[in-house]
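The values are calculated or read from the model by the stated rules, or taken from the named source; none is laboratory data. The structure presented is a predicted model; accordingly, all values stated were derived computationally and were not measured. Cβ: placed from backbone, ideal geometry, glycine included. Neighbour counts: every protein chain shown.
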Amino acid sequence: MDTDAVLLFSDHMARFYAKQYGFPPVAGRVLGYLIVCEPMEQSIAQIADALLTSRSAVTGAVKMLETAKVVVRTRPAGSRFDLVSIQTDVWQHGFDPAEYRELARLAREGLTLLEDASPERRRPVEDMASLGDFLAERIPTLYDEWRAHREKELQQEES
């Protein structure tokens, strides 16, 4: 694989994740690298070498990505270091309805503070509660539809 192309892709992922989710750039770079690297499991040292960055920066990024359930660490028997890889079901985490139920619950809590407020003041918080409820209801169905779509794609590739 072209090293320059991998670095460029990793930088593009870093920019996207920094802009969209507030990730530190190195975390986005690690994520981008882990998506395309070969083999799929890499040590901290291998990631740092590939991304031309420090091991401590990669370690911090991996900790953050691990907390976000984006990557997983494993330690093969007899090994003295961890291997890091993308969580196999990483993309389903954005489809967890619990996040949206919690958003709706928090919005309703906020609405209790705005009990005597004008309708204009309450509207954004009501919208947040409504959107949270709507997404909590719809997200699981959308994920199931995507899984069926993906299964169909995989079957067509095998044909």
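Yes/no matrix, rows are residues, columns are (1) closer than 30 Å to Ala27 by Cβ; (2) within 18 Å of the chain's Cα centre (by Cα); (3) of a type in the set (Val, Ile, Thr); (4) modelled with pLDDT under 95:
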site: Ala61; (1), (2), (3), (4): yes, yes, no, no
site: Met64; (1), (2), (3), (4): yes, yes, no, no
site: Lys69; (1), (2), (3), (4): yes, yes, no, yes
site: Ala77; (1), (2), (3), (4): yes, no, no, yes
site: Leu83; (1), (2), (3), (4): yes, no, no, no
site: Glu115; (1), (2), (3), (4): no, no, no, yes
site: Arg123; (1), (2), (3), (4): no, no, no, no
site: Met128; (1), (2), (3), (4): yes, no, no, no
So which residues in the range 1-36 are touching a residue at least 12 places away in the same chain (Cβ under 8 Å), basic (Lys, Arg) and surrounded by fewer than 16 Cβ atoms within 10 Å (Cβ to Cβ), if there are any at all? Arg15
Do we have Thr53 as more than 16 Å from the chain's Cα centre (by Cα) and modelled with pLDDT under 95 here? no
Test: Arg101 is of a type in the set (D, E, K, R) and farther than 30 Å from Glu126 by Cβ: no
Applying the selection to the range 132-159, what residues are more than 13 Å from Ala98 (Cα to Cα), part of a helix (DSSP H, G or I) and not charged (D, E, K, R)? Thr141, Leu142, Tyr143, Trp146, Ala148, His149, Leu154, Gln155, Gln156
Looking at Leu51, is it closer than 30 Å to Asp11 by Cα, surrounded by fewer than 12 Cβ atoms within 10 Å (Cβ to Cβ) and of a type in the set (A, V, I, L, M)? no
